[in-house]
Amino acid sequence: MSKTREKETTLYLDPQHPGITGNMMIKLKVKGDTVIKAETHVGYLHRAFEKLVENRNWLQSFTLMCRFCVPEPDPMELTFARAVEKLEGREVPERAKYIRTIVAELARIQSFLLWYGGQSGSSGLYTLGQWSVGDRNYILDLFEDLTGARIYHMYMWPGGVRRDLPKGWIDKAYKTMDYIEGRLDNYNQLLFDNAIFQKRAQGVGIIPKDKAIEWGVVGAPLRGTGIKHDVRIDEPYDAYDKMKFVVPTYEGGDVWARALVRRDEIKQSISIVRQALDNLPEGSYYNRIPNPMKWTVPAGEAWVKTESVRGEIGFYVVSDGGNKPKRVHLKGAAYTHGVTVLEKILPGQNIADVSFILNSLGVCPPEIER
Amino acid sequence: MSILDLKGILSPLGALKQIGKTPHTITFPDEQKRTSERYRGFHYNSLDDCIGCGNCSTICMNEAIDMVGLAEINGGKGDSGLRPRVDYGRCCYCALCVDVCPTGSLNMTKDYVQVDNDPFTFLMTPGKDNPDAQERISFSADLESSLNVFDRVPMRELDPDERVKSFAEVMLGYNEEEARREADRCISCGLCTEACPVHMHIPEYINAIAKGNDNDALQIIYDNNDLPEVCGKVCTRKCEDVCAIQVRGETVAIRWLKGYVTETVNNADLIKKVVNPEIREPNNYKVGIIGAGPAGLTAAYYLSLRGYSVTIYEAHKDPGGMIMYGIPKYRLPYDSIQKQVDYMKKMGVKIHYNTKVGKDIQFQEIYDVNDAVFMGIGLQNAYTLGIENEDADGVWSAIDFLKKVNSDEKVEIGKKVVVVGGGNVSIDAARVSRRLGATVNQSYRRRVKDMPADWEEIEGAEDEGVVFMPQTIPTRVVTDENNKTIGLEYLKAEMVSQDGGRPRPVPIEGSETIIECDSVISAIGQQADFGLLPKEIMEELEMNRGKIAINDDRKTSIPKLFAGGDSVRYGNVDAISAIADGYYATIGIDKMLMKK
């Protein structure tokens, strides 16, 4: 090795979408192609959602929630709605619980399909990304029919959901599930059976099992270290207590294990959507809130957890009894994964793997900056 | 993994199988993606249905919606004349505006493409700029999904069978929980404020009630209404007619909410403590007020607060004028008026009772000693039916009848009564007659739905057993040899619409019918008695179709003489209009004297 290659250099890796959705910069100290130190720098996306909602009434706040994270707006809505319901003691009709479960699982599927694109794209395999993101549109079509919008649905609000299922939606949902399920083998062919991906993913970006809990790892990265943890099973909400599904785990803690977990979770999500559609109860979809102009929520604080696509998220909502939230705080997966974990596991990795690892952790910068 | 892992190399080549398949993409702009039945695209606003309440603009947290005036929209009763304009640079398509629109006029459409290099084309007035989008309405809010609360909290009433046994108050009033719930329905659009003759701060006090601040609400109410308890029980509530919620649901019970607040403060000392108005230093100007009705009392109260020395001259032995003598006690108990007058007295209003101007004191004297005079003399003389035998025994004018009953005088009306008329006074007379034990028929020349009386009063009368005889025109009082009423002869009428105008009742020839009765009570309107005014003043005083002509300051054509109440009004002959006259006369008098 020549002397120049051994010299330490500082490398600024993007603030522009570094292989993930959202702007974030990683300051790397590299020696040759090897990372020796990584620092996450955020601040490119600060929109002050948590502060903004303090000046909006409860209903207006609800429309901001989905914007915390583009690839998975629904879990944010759902968690905020559940937090407000907890403060108010508001009951949710059984039908609404099932619809919420369906929407939350569809959100997982579409987000995993987007992840396929990111994960394969950051290893140079672009065909799969075209396929999966194209197929994701079928799920977005379902969302459009149901909620009126493709990405920011603003659909699950305190008391239930905003509108009932439209006519013919259930059939369309079944057909879409069948289609997506049929496509999974094609994805496997291009990704998991692919020698390039296998070589790139195995043994890369390892999160040690004994550190995972200590670092606060959640979601697929946690299950990829062999630890079984899922809020949907541990503290079921909505209709999850009535759904039968398994939580896939893989040993290894590397990008490969995390990818396998996600691959298997799509199947589980499809199964949950089908179960919920099969058993969808009749009845009201909405336990209506009072006039939103005068809606006040009893004073108190609530901490509510949900299993989002990237892992456990939680909303801490405080009300002083007024018509606006006093404080809303989101504990998302992105902060721990994108800052704490990333900085710890990058040293020793190849520069070319940084985006690849980042993608497998499921980092969403807008959620870090909230 | 070895390089010979053939599966890993060959497997991705499976993608080649997809070659030749039709892509499921569309080629824009040759094709446009068809959006769903519920798509949240650009807005469409039905300009005719929209009432310009501005609720959409209020809920929009991006401030994307401005309310703007349009040339083709004039506004008017229950319509602000403004329509929403959306800035699509700010709109986030959340459609909360659709869900909170009380009229359902604002919807979203399937349209989503707007390409132009002029940024101002993205400022769109839905409905005006895209009239054809009506066919593509997608996301809308029906009664079920709308966020407005359309159902009114029901008012508890005395059972009709119990009611006719006594003069106990019929409306039992909201309790605290009911009032909060009802106040919660208000969307604070303020159309009611515009419709109220005195422009009370309705959204503000309802907001205070909703928050549980009843004292604040009372303070706000007293800002421009000194007789809120009266209004809380018997107001004709122009406000509720224009309530935005009323377009698709039941109007917010503004009157009962005001009633609730005033009833929570139950004596004059407490009112004084809660309202705690600012009283200016005495300014040495004197104002004389003729008539202690709502107009006179209001002028007296607000003038006192402004430091004027005010004296009221009242012919009767009690204050209140027509609200005291004309409104039955089951609607407005005596102590409601007394409580508020006691409070006014504490604020410095002086009242001389049993002092009839023109008899006990001359008008000229009052005019000379005061710096301004306000006249609220009301309508004391009833119109006569103008039919045969109207002077018979047992023919009453409603106003005299009610005055006698309210003064606890003994009134003999017999077993069967026919009331003639369709206004609130006629319904009062009918319901009072029921309480005196008579069976009551009510003759009205048009249809029941044409009756100018309050719908709640009409329903109340029906519940209590008053039988309406619509489309009947009295022609003769039938009497016995002692000139005692034994019946009423009337003609049936048919409704004939001329030139598409309001249908008029036309008598059907030969349809004479006689209904037996012991009394006939006529309630077809009253006129003012100007006997108190000296001839010279009467000659100078400009009149307008039998009523005193006034300007916006309630000033008459006579220097320093102001007037208000029923004797200056057409149409809105009611307490709240009288209160408005008193209130605005205060401002007029203040303007005149302070300019000196």
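Structure notes:
- Look at the dipole of the stretch B:43-136 built from charges on Cβ: of B:65, B:109, B:126, the Cα furthest out on the positive end belongs to B:65.
- Separation of alpha-carbon centers, the stretch B:283-331 and the stretch B:26-54, rounded to whole Å: 57
- Considering only beta bridges that DSSP places wholly inside the protein assembly as shown, some 65 percent are antiparallel.
- Take the Cα of residue B:37, go 7 Å toward its beta carbon, and the backbone nitrogen atoms of the stretch B:135-161 under 14 Å from that spot belong to B:137-140.
- Contour minus Cα-Cα distance for residue B:317 and residue B:509 (0.36 nm per residue): 64.3 nm
- Using the rule -39500 (n - 2.57) for each DSSP H run of four or more residues, divided by the residues of the protein assembly as shown, the 222 nm mean residue ellipticity is -10000 deg cm²/dmol.
- Contact order relative to length of the stretch B:382-526, as percent, for alpha carbon pairs under 8 angstrom and 6 or more apart: 33
- Average Cα contact separation per residue, chain A, under 8 Å, 6 or more apart, as relative contact order %: 27
- Each part reduced to its alpha carbon centroid, the stretch A:174-234 and the stretch B:458-474 end up 78 Å apart.
- Sites matching chymotrypsin sites (Phe, Trp or Tyr not before Pro) across the stretch A:204-255 that sit in DSSP coil, with at most 11 neighbouring C-beta atoms within 10 Å: none
- Cysteines in chain B that lack a partner Cβ within the 4.7 Å cut-off: B:50, B:60, B:91, B:92, B:94, B:101, B:186, B:196, B:243, B:517.
- With each label modelled as a point 7 angstrom along the Cα→C-beta vector, the residue A:244-residue B:553 pair spans 8.7 nm.
- Using the Karplus relation 6.51 cos²θ - 1.76 cosθ + 1.60 with θ = phi - 60°, the per-residue 3J(HN,Hα) values for the stretch A:351-363 come to 4, 4, 8, 4, 4, 4, 5, 4, 5, 6, 7, x, 8 Hz, with x marking Gly and Pro.
- Positive-end ranking of B:251, B:207, B:196 along the dipole of the stretch B:186-251, with charges on Cβ about the Cα centre, is headed by B:251.
- The stretch between residue B:393 and residue B:115 holds 91.8 nm of extra length on full extension. This uses 0.36 nm per residue minus the Cα-Cα distance.
- The mean sequence distance of close C-alpha pairs (under 8 Å, at least 6 residues apart), as a share of the length of chain B, puts its relative contact order at 12 percent.
- Number of partner chain Cβ atoms within 10 Å, mean per residue of A:56-63: 4
- If a spin label sat at a point 7 angstrom from the Cα of residue B:456 along the line to its beta carbon, no backbone N atom of the stretch B:567-593 would be nearer than 14 Å.
- Each of B:503, B:469, B:521 was scored by the projection of its Cα onto the charge dipole of the stretch B:382-526, and the greatest displacement toward the positive side belongs to B:503; charges sit on the C-beta of Lys, Arg, Asp and Glu.
- At R0 = 35 Å, FRET efficiency that the Cβ-Cβ distance of residue A:327 and residue B:46 yields, to 0.05: 0.30
- Other-chain or far-sequence residues with amide H under 5 Å of residue B:361's (modelled H): B:356
- 3J(HN,Hα) couplings calculated from phi for the stretch B:325-330 with the Karplus curve 6.51 cos²θ - 1.76 cosθ + 1.60 (θ = phi - 60°) are, in sequence order, 9, x, 9, x, 5, 6 Hz; Gly and Pro show x.
- Note, ³J(HN,Hα) from phi for the stretch B:534-541, Karplus 6.51, -1.76, 1.60, rounded to Hz, x at Gly and Pro: x, 4, 4, 5, 4, 5, 6, 5
- With each label modelled as a point 7 angstrom along the Cα→C-beta vector, the residue B:536-residue B:439 pair spans 6.0 nm.
- Contour minus Cα-Cα distance for residue B:364 and residue B:527 (0.36 nm per residue): 56.4 nm
- A simple count of charges around residue B:107, restricted to other residues whose Cβ falls under 13 Å of its Cβ and scoring Lys, Arg +1 and Asp, Glu -1, yields -2.
- Over all other residues within a Cβ to Cβ distance under 15 Å of residue B:62, the charged ones net out to +3, with Lys and Arg as +1 and Asp and Glu as -1.
- Between residue B:5 and any residue 5 or more places off or on another chain, the built amide H atoms are never under 5 Å apart.
- Estimated from the Cβ-Cβ distance and a Förster radius of 30 angstrom, the FRET efficiency linking residue B:27 and residue A:172 is about 0.80.
- Given R0 = 25 Å, the distance between the Cβ atoms of residue B:215 and residue B:334 translates into a calculated FRET efficiency of 0.50.
Here, each number is a calculation from the coordinates, and none is a lab measurement. From a predicted model like this one, the values you see are computed outputs, not experimental measurements. A quick note on method: Cβ atoms are made from the backbone with ideal geometry, for glycine too, and the neighbour counts reach across all protein chains shown.
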